[in-house]
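The values are calculated or read from the model by the stated rules, or taken from the named source; none is laboratory data. Just so it is clear, the structure is predicted and the values come from calculations on it, not from any experiment. Note that we place each Cβ from the backbone using ideal geometry, even for glycine, and neighbour counts take in every protein chain shown.
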Amino acid sequence: MFTANVPRLVDKLRLLEQMLKEKYIPTPLVEKKQRKKVEIVEILNSRRFSITYVIWRFIVYFLGVSFRRFIRKPDLQKTAIGLREIFEELGGLWVKTGQLLALRTDIFPEEVCDQLLRLQYGALGFPMELVRSTIESELGAPIEKIFVAFDEEPLAAASIAQIHTAVLSKNQTSVVVKVQRPGLEVSFKRDLDVIKFFANLLRYLNIGNYLRLDEAVLEVERIFNEELDYRYEASNMRRMKKTLKKHGIYTPSVYKKYSKRRVLVMEYIPGVLMADYIKALNKDPAKVKKWDEENNVNRKKLGEKLFLSLFRQIFEDNLYHADLHPGNIFLLRDSKFVLIDMGSVGSLDKDLRTNYLNYTNALGKEDFPKAADYIIRFAVDIPRVNIPRVRAEMSRAIEGWADKSRLDGLSYKEKSLGGATSEISKVSVKYSVPTNWGFLKVSRSLITLDGSLQYLIPDFSFLKSIKKYSKQAERRALIQSLRLESIMASVNNFFETVDEYNTLILPKLRERTIPFDGTINKFALSLAFVLRTFSYAILIGGVILAYAFLFQHHFASIKVIHNQLFDEIARQIPPIPYLEWILIFIAMTFIFRTLSACSVILEQKEYEGKSIL
């Protein structure tokens, strides 16, 4: 039987292989022996809850809530905890569904959303025999040939997978092996059918249409497909590794050869889990302070990096980590960190991303009416309400949050983006303004990060941080725009737009103007001739300037076509740096193509007008 060589494994894990630099490895904060061991059960409970049981469970819950209201002893916290416990008991896809419903701050009370965001399925571990069979069936080889050491004691267990540490045989690299829980596909499919049943029943009874449950079910189905195939996560890891490298953020490397549908093998990161850091901070602040000093960790700097990186992921990369809870962040030395678990990433369509960016920029500039305008634009359908009144109330609500966030002694939650979202939700619910699920999802990512930021930066100012991000983003955009490839891309985009206009939009406009286009527009034809003449002049000037450029910087290359007249002209042009010459030629090309394109459009219009006559 294959067993782990634990001492050897520990030694291997303390070595940082070729990937993460050893100088960033922090000292331990929580020793392995202090961690709670994952409980292993030989026979896994498949949690086969029937529709009848699920209905009965929710009926009992709502009867309890109604009874407390009847005796006038409502306990919102107890109500919220009870709902979270139901989703945790049902397990499987219900946990994911509960986390999705936590986004509906416009429907559920704040306490309920907080509890649903904390949903964690207390999973029991499964035995090594099942781990072995899954790995060997997916990778097609005995486990001993793949790993020189494999720790049979799980590092962690969750509703989806069980995590083990190991060392690859091929290159002696320390890795983490994520193994999917057996029977998960059947369990998830059953849960999905029950969830669809409930959604269809509510839609049939015309209950909760405002929740847009059809979109929620589609999101749950997407989760169902992606969570059960680790190749999605492996792809996300490779993509985010490229984008986050520009942020100065490290992510684990994935081993494609050993990563299949139910097994994922990735680089081992010997950092300190943010969740452990927060627990230690609550239990022994002095110990954490000492650890910070040993590892040169500045909490405020760390928190700002996390926040600014997430905004950059959303607005610049359009590929963001959608579940940045404390269990998905590893801390390193020098206030650096690693992001893990790329099973849940997000991206926004162009319009939503632009609107969300404009919304946050309006918040940063404290232009609250404009922020309210963009919130209304997030609505999937145009709300049948008095829009000016909604706008005014939303603006006042956001302004009230901003004023309150400047006060001393306020809780982190009241000052955070979650506080603004809560105020906006109250107005949305009052006027039944339908909310966009994409907006809710990206908001949830930011609110989830609050679980770490509230400990790293207790006096966090969202408005100040937004202003800081905007300045950094503008600087990056300026640097990017000055690069030659960006300039050429912008020029090409312009002409693609012109071509698109000429090909798609202009014919439609002509169709509508034909009845009125009874005479030839001599002015347009004359203008086309003038533009064409100017374009030729630009072309001739470009040839002369090209000769002057070669005369100044590559004289040897024009000896063959040496011309005294051109030489005299070239001498009259003052010396120009090489890069400025390139910019001049790009500008002239741009002007030439613009004039030519415009003259072509005008001439086509005239010839078509004549043919009609």
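Can you tell me which of E226, E233 is buried (at least 18 other Cβ atoms within 10 Å of the Cβ), assigned by TED's automatic domain parsing to the domain that holds P154, among the charged types (D, E, K, R) and assigned to a helix (DSSP H, G or I)? Before you say what the answer is, go through the steps one by one.
Values: E226 fails: buried (at least 18 other Cβ atoms within 10 Å of the Cβ).
None of the other options fit; the residue is E233.
Consider only pairs whose beta carbons are under 7 Å apart and that are at least six residues apart or on different chains; among these, list those whose first residue lies in the range 296-314 and is over 16 Å from K464 (Cβ atoms) and at pLDDT 95 or above and whose second residue is acidic (D, E) and in a loop (DSSP other than H, G, I, E, B).
Note: pairs meeting the criteria are N296/D334.
In the range 312-339, which residues are part of a helix (DSSP H, G or I) and touching a strand residue (DSSP E or B) at 6+ places or on another chain (Cβ under 6 Å)?
Applying the first criterion (part of a helix (DSSP H, G or I)) to the range 312-339 yields 312-317, 326-328.
Scanning the range 312-339 gives Q313, I314.
Scan the range 241-290 for residues that are closer than 30 Å to V186 by Cα, surrounded by fewer than 20 Cβ atoms within 10 Å (Cβ to Cβ) and either free of Cβ contacts under 8 Å to residues at least 60 places away in the same chain or hydrophobic (A, V, I, L, M, F, W, C) (or both) and jot them down.
Passing the criteria: K256, K257.
Kindly establish whether L218 is surrounded by fewer than 19 Cβ atoms within 10 Å (Cβ to Cβ), touching a residue at least 12 places away in the same chain (Cβ under 8 Å) and either farther than 30 Å from E22 by Cα or small (G, A, S) (or both). Write out each step before concluding.
Values: surrounded by fewer than 19 Cβ atoms within 10 Å (Cβ to Cβ): yes; touching a residue at least 12 places away in the same chain (Cβ under 8 Å): no; either farther than 30 Å from E22 by Cα or small (G, A, S) (or both): yes.
No: the conditions fail for L218.
Kindly establish whether S461 is assigned by TED's automatic domain parsing to the domain that holds R377 and either under 19 Å from I376 (Cβ atoms) or surrounded by 22 or more Cβ atoms within 10 Å (Cβ to Cβ) (or both).
no
Per-residue answers, yes or no, for (1) assigned by TED's automatic domain parsing to the domain that holds Q162; (2) modelled with pLDDT of 80 or more:
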position: V30; (1), (2): yes, yes
position: I51; (1), (2): no, no
position: V60; (1), (2): no, yes
position: I71; (1), (2): no, yes
position: D75; (1), (2): no, yes
position: K78; (1), (2): no, yes
position: E85; (1), (2): no, yes
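Cβ-Cβ under 8 Å, sequence separation 6+ or interchain: first residue in the range 531-544 and assigned by TED's automatic domain parsing to the domain that holds L595 and within 12 Å of F590 (Cα to Cα), partner among the hydroxyl-bearing types (S, T, Y) and at pLDDT 80 or above. Which pairs?
Partner pairs satisfying both residue conditions: G542/T589.
Do any residues in the range 64-78 that are within 20 Å of L116 (Cβ to Cβ) have Cβ atoms under 8 Å from those of residues that are among the hydroxyl-bearing types (S, T, Y) and surrounded by 12 or more Cβ atoms within 10 Å (Cβ to Cβ), where the two are at least six apart or on different chains, and which pairs are they?
Matching pairs, first to second residue: V65/T79; R68/T79.
Do any helices (runs of 4 or more DSSP H) lying entirely in the range 340-458 carry at least 1 residues that are touching a strand residue (DSSP E or B) at 6+ places or on another chain (Cβ under 7 Å), and which ones are they? Reasoning before the result, please.
Numbers: elements: 350-364, 368-377, 387-405, 412-415, 417-431, 437-456.
Output list reads 437-456.
Give K305, K350 a once-over and let me know the one that is out of contact with any helix residue (DSSP H, G or I) (no Cβ under 9 Å at 6 or more places or on another chain) and either polar (S, T, N, Q) or crowded, with 17+ Cβ neighbours inside 10 Å (or both).
K305
Considering only residues that are over 29 Å from the mean Cα position of the chain (by Cα), within 14 Å of P26 (Cα to Cα) and not charged (D, E, K, R), which ones fall in the range 255-294?
Once the filter is applied, which keeps residues that are over 29 Å from the mean Cα position of the chain (by Cα), within 14 Å of P26 (Cα to Cα) and not charged (D, E, K, R), the range 255-294 yields V288, W291.
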